[in-house]
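Structure record follows, encoded as structure tokens.
The values are calculated or read from the model by the stated rules, or taken from the named source; none is laboratory data. Predicted, not measured: the structure shown is a model, and the values here were computed from it. Here Cβ is always computed from backbone atoms with ideal geometry, including for glycine, and neighbour counts include all displayed protein chains. These area figures cover heavy atoms from the full protein model, side chains too; ligands, DNA and RNA do not enter into them. Shrake-Rupley method; radii C 1.70, N 1.55, O 1.52, S 1.80 Å.
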Amino acid sequence: MLFRSVEAELFGHARGAFTHAVTARAGLFEDAHLGTLFLDEVGELSPRAQAKLLRVLQEGEIRRVGENDARPVDVRVIAATNRPLAALVASGRFRDDLMFRLSVVKIQVPPLRERRGDVAVLAAAFWRDAARRVGTRAVLSPEAVAQLAEWPWAGNVRELQNALAALAVAAPATGRVSAVLVRQLLRGRSAAAE
């Protein structure tokens, strides 16, 4: 497996910057030039990556790993985290200047358990994808969808997506997926997690 740092992924690298860097490569910021870049779990960035991200946001330029030359980039950044950045700043694990730079427009998305009406829409989309991948033509019954809406979804949308992938594997080749099958799957997953 080829290891690349988060910095090399975001900012690119020069040829020879690290083992297996046989060619120069643009990073995600260069690829997103004049567009939008979504950074998920920004609260997990290392202090070094935070400093480099702050530089990009302030100066509008990047330096590829192993290069000294700055390259201009114009990128709209959308950042997401499942942890309050203010708490990470207070604990010394996140730069306050980066938090303020990222906090231009804040959108707080409530957890899925507080948006039960969204479960049916998300489940339908995830089911189409999961069913196509495993080759089932079964459909979710309204009772199955209602059962999904009742689950607390501690893992939010990712948990729902993974549950539907598992459900597609367990589903019949045709027909309807029952609420009983959904209950069995969710309880089995819950017991396995404990």
Between (1) 1.09; (2) 1.02; (3) 1.20, which entry matches Rg/Rh (Cα atoms, Kirkwood Rh) as derived from the coordinates of this structure?
(1)
Relative contact order in percent for the stretch 118-189 (Cα pairs under 8 Å, 6+ apart) equals 43
What order, most packed first, do the peptides 115-121, 39-45, 18-24 have when packing is the mean number of other Cβ atoms within 10 Å of each residue?
39-45, 115-121, 18-24
FRET efficiency for GLU9 and VAL134 from the Cβ-Cβ distance with R0 = 30 Å, rounded to 0.05, comes out at 0.50
Quick query: amide H of ILE78 versus all other amide H atoms, modeled in the peptide plane; which residues come in under 5 Å with a sequence gap of 5 or more or a different chain?
LEU37, PHE38, LEU39
What residues have an amide H closer than 5 Å to that of LEU140, excluding those fewer than 5 places away on the same chain, when H is modeled at 1.01 Å from N in the peptide plane?
VAL177
Find the relative contact order for the stretch 1-156 and round it to a whole percent, using C-alpha pairs within less than 8 Å whose residues are 6+ positions apart.
19
Roll a 1.4 angstrom probe over the protein heavy atoms and tell me the percent of accessible area of the chain that is carbon or sulfur.
53
Once ARG132, ARG113, ARG183, ARG15 are ranked on solvent-accessible area with the largest value leading and a 1.4 Å probe, the list reads ARG15, ARG132, ARG113, ARG183
